[in-house]
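As structure tokens, the structure follows; a few thoughts come after it.
The values are calculated or read from the model by the stated rules, or taken from the named source; none is laboratory data. Keep in mind it's a predicted model, so treat the numbers as computed, not measured. Note that we place each Cβ from the backbone using ideal geometry, even for glycine, and neighbour counts take in every protein chain shown.
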């Protein structure tokens, strides 16, 4: 790995090169800092136990060189998905931190890489990312699905199921680049991401590992913000309304219990707080601690907790079965782990939320909400509208920007 550094400009217009094919770009940014790259190698992984198998594959790849490597990961929500989990190792990488940009060129021996992949089941170089099969739920259909799940929660052992829906918005390649830049500038406190055509700005970190320490930020339970909405009232509702607190507790406990064997937790009962984003409030809990074993990578931490009750439900397996039955479209990589990791096993892996995926001549947006006993179907639709708003606004702004400025492509 070779690199040079220069002063950083953290505005997105100086960050994203629109001449790079959008599906080739990899991005992970918060407050203008982080990683951007393109080129290199794309590895697809299918089958069961993907995160653990991907962790082992990454160890083997890292061992082929004595230079440090950084890769980007975008995995599926459910291993039963027909879509592929993606590992992207960019040839050109830009690391932005402490006021500087470091330009890095990463190298791999292609023969070594092919040999490793040949010995790995369900893995391929430049493999098919998979389709996005299924129908789209109308708002009326989503309300019916919510009512169906509420009835099942009331009649059995289910406590929570997270249901999602999708919408398709026409968009050009240039619009996707501009929308990503818009997200990076307007949702700077979130993690703006792009891997293999999936992009967005997520507020939620599944696991971040650095120098033996880790953090997981759990979000569940939300209320909208707006000019006609009293912020103080919404904060008080989040911290005092039984249904919202119950939804959050399921998610937070699933993370605490999932990490207990791998992490010496600082607090087994961390308190929730209100996280403020430009268009929404979330109940949030930060779970922190020291990783028990040096060889435990960020991917193994993620594997222990994904899918959390924040995106799946509880009990986990029963909720996943309901999602597969009720949602007419395979989620693919929506609500799956996304982020980066390096050769040491450190990294930041978030959840692919507030996002869309490049599909044909547009972008398919996804959003969902946690359904618990007594959930109101109309209110759940409104929550998905709020959660889709960042992507809608970014694409609307991008459409206006691309009408006045069309970059020249080589």
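A few notes on this one:
To keep it simple, each residue is scored yes or no on (1) assigned to a helix (DSSP H, G or I); (2) touching a strand residue (DSSP E or B) at 6+ places or on another chain (Cβ under 9 Å); (3) touching a residue at least 12 places away in the same chain (Cβ under 8 Å).
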site: 120; (1), (2), (3): no, yes, yes
site: 124; (1), (2), (3): no, yes, yes
site: 128; (1), (2), (3): no, yes, yes
site: 131; (1), (2), (3): no, no, yes
site: 142; (1), (2), (3): yes, yes, yes
site: 148; (1), (2), (3): yes, no, yes
site: 151; (1), (2), (3): yes, no, no
site: 163; (1), (2), (3): no, yes, yes
site: 168; (1), (2), (3): no, yes, yes
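- Test: residue in region 197-207 that is buried (at least 24 other Cβ atoms within 10 Å of the Cβ) and under 21 Å from residue 343 (Cβ atoms): yes
- Filter result for residue 212 (under 24 Å from residue 73 (Cβ atoms) and surrounded by fewer than 20 Cβ atoms within 10 Å (Cβ to Cβ)): yes
- Test: residue in region 79-88 that is farther than 21 Å from residue 334 by Cβ and at pLDDT below 95: no
- Considering the conditions (1) in contact (Cβ under 8 Å) with a residue 24 or more places away in the chain; (2) not in a helix (DSSP H, G or I), residue 66 is excluded by exactly one of them, (1).
- Residue list for region 43-60, filter: surrounded by fewer than 22 Cβ atoms within 10 Å (Cβ to Cβ) and under 18 Å from residue 125 (Cβ atoms): 44, 46, 47, 53, 56, 57, 59, 60
- Within region 88-102, residues that are closer than 12 Å to residue 71 by Cβ reach partners that are at pLDDT below 90 and surrounded by 14 or more Cβ atoms within 10 Å (Cβ to Cβ) with beta carbons closer than 9 Å, at six or more positions or on different chains, in the pairs 93/1.
- If only residues of region 243-278 that are part of a loop (DSSP other than H, G, I, E, B) and surrounded by 16 or more Cβ atoms within 10 Å (Cβ to Cβ) are counted, the one that is modelled with the lowest pLDDT is 277.
- Picking from residues in region 215-242 that are out of contact with any strand residue (DSSP E or B) (no Cβ under 8 Å at 6 or more places or on another chain) and in a helix (DSSP H, G or I), the one that is surrounded by the fewest Cβ atoms within 10 Å (Cβ to Cβ) is 232.
- Count of region 85-103 residues, restricted to those that are assigned to a loop (DSSP other than H, G, I, E, B) and within 16 Å of residue 196 (Cβ to Cβ), is 2.
- Filtering region 312-332 to residues that are closer than 9 Å to residue 77 by Cβ and out of contact with any strand residue (DSSP E or B) (no Cβ under 8 Å at 6 or more places or on another chain) leaves nothing.
- Residue 115 under 22 Å from the mean Cα position of the chain (by Cα) and either within 15 Å of residue 357 (Cα to Cα) or exposed (fewer than 14 other Cβ atoms within 10 Å of the Cβ) (or both): no
- When residues of region 309-344 are limited to those that are in contact with a helix residue (DSSP H, G or I) (Cβ under 6 Å, 6 or more places away or on another chain) and crowded, with 22+ Cβ neighbours inside 10 Å, the one farthest from residue 35 (Cα to Cα): 314
- Filter result (modelled with pLDDT of 95 or more and within 20 Å of residue 44 (Cβ to Cβ)) within region 125-144: 125
- For residue 294, the requirement of being surrounded by fewer than 20 Cβ atoms within 10 Å (Cβ to Cβ) and not in a helix (DSSP H, G or I) is met.
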